[in-house]
Amino acid sequence: EHGIVDFSNIKEVKAKLLELFSDWDSSLNKMIELCDDDMVFRPFYGLPVDHRWVNKPGLTLLGDAAHLMPPNGEGVNLAMLDALELSEAILKNIKNFNDGVVEYEKTMWDRSNEIAQENPNILLDLCLAEDGPGGLLEFFNSHGPPPEEL
């Protein structure tokens with residue numbers, strides 16, 4: 001849609017970014033103009049919503065390794081809950097460790113799939129919106145006052 005950019009050509013990348021954000025405030029565009037030539041491009045990755053694996057006794061995954069999705073504000077929360085639920089499931093099934101792992105995996109898959117189906121790209125969509133950052137600002141403002149107003 002916006003054309004292919006040669007990411008090894010920093011001048012071309014900057015020019016494309018300035019074109020894409022030409023209607024944004026000049027102070028934001030100045031950050032693009034002034035950034036050094038050591039840009040690091042980091043793609044977003046995600047797993048399919050219904051991602052599952054065959055249980056391997058004594059082994060499992062948690063956090064992003066188990067349910068990687070685009071940034072939606074839930075990643076660290078899911079990872080901490082995974083760790084808690086895995087430890088509880090193992091302790092509950094201490095005589096058969098893998099029964100605890102299987103129990104954890106089912107609970108984790110159900111929970112992460114539910115969250116992923118809500119709107120897996122909500123923050124990504126807001127960050128990359130065609131009409132600028134207004135939707136992102138509105139999203140954050142709707143979740144409480146900025147820190148200086150607390």
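The values are calculated or read from the model by the stated rules, or taken from the named source; none is laboratory data. This one's a predicted model, so the numbers in the text were calculated from it and none came from an experiment. In this analysis, Cβ positions are derived from the backbone assuming ideal geometry, glycine residues included, and neighbour counts consider all displayed protein chains. Areas reflect the complete protein model, heavy atoms only, side chains present, ligands, DNA and RNA absent. Shrake-Rupley method; radii C 1.70, N 1.55, O 1.52, S 1.80 Å.
3J(HN,Hα) along region 46-63: x, 9, x, 3, 8, 4, 9, 9, 6, 4, 10, x, x, 9, 7, 10, 8, x Hz, from the Karplus curve 6.51 cos²θ - 1.76 cosθ + 1.60 with θ = phi - 60°, whole Hz, x for Gly and Pro. In the context of the full set of protein chains, residues of region 1-132 present 68 Å² of accessible surface per residue (probe radius 1.4 Å, heavy atoms only). Relative to the globular-protein estimate of 2.2 N^0.38 Å, the Cα radius of gyration of region 44-87 stands at 1.19. Per-residue 3J(HN,Hα) values for region 96-104, derived from phi via the Karplus relation 6.51 cos²θ - 1.76 cosθ + 1.60 with θ = phi - 60°, read 9, 2, 5, 4, x, 5, 4, 4, 4 Hz in sequence order (x marks Gly and Pro).
Quick check: at a probe of 1.4 Å, how many percent of the accessible area of the chain sits on carbon and sulfur atoms?
C and S atoms contribute 60 percent here.
Note on the chain: helix-only mean residue ellipticity at 222 nm, from DSSP H runs of 4+ residues weighted -39500 (n - 2.57) and normalised by residue number, equals -16000 deg cm²/dmol. Pairs of Lys residues in region 8-140, spaced 8 or more positions apart or belonging to different chains, with C-alpha separations under 15 angstrom: 4 in total. With Cα atoms defining each centre, region 6-44 and region 48-63 are spaced 38 Å apart in the structure. Its Cα centre serving as origin, the chain has a Cβ charge dipole (Lys and Arg +1, Asp and Glu -1) of approximately 760 debye.
What does the net charge come to around Leu123 if you take all other residues with beta carbon closer than 14 Å to its beta carbon, with K and R at +1 and D and E at -1? My count for the surroundings of Leu123 gives -4.
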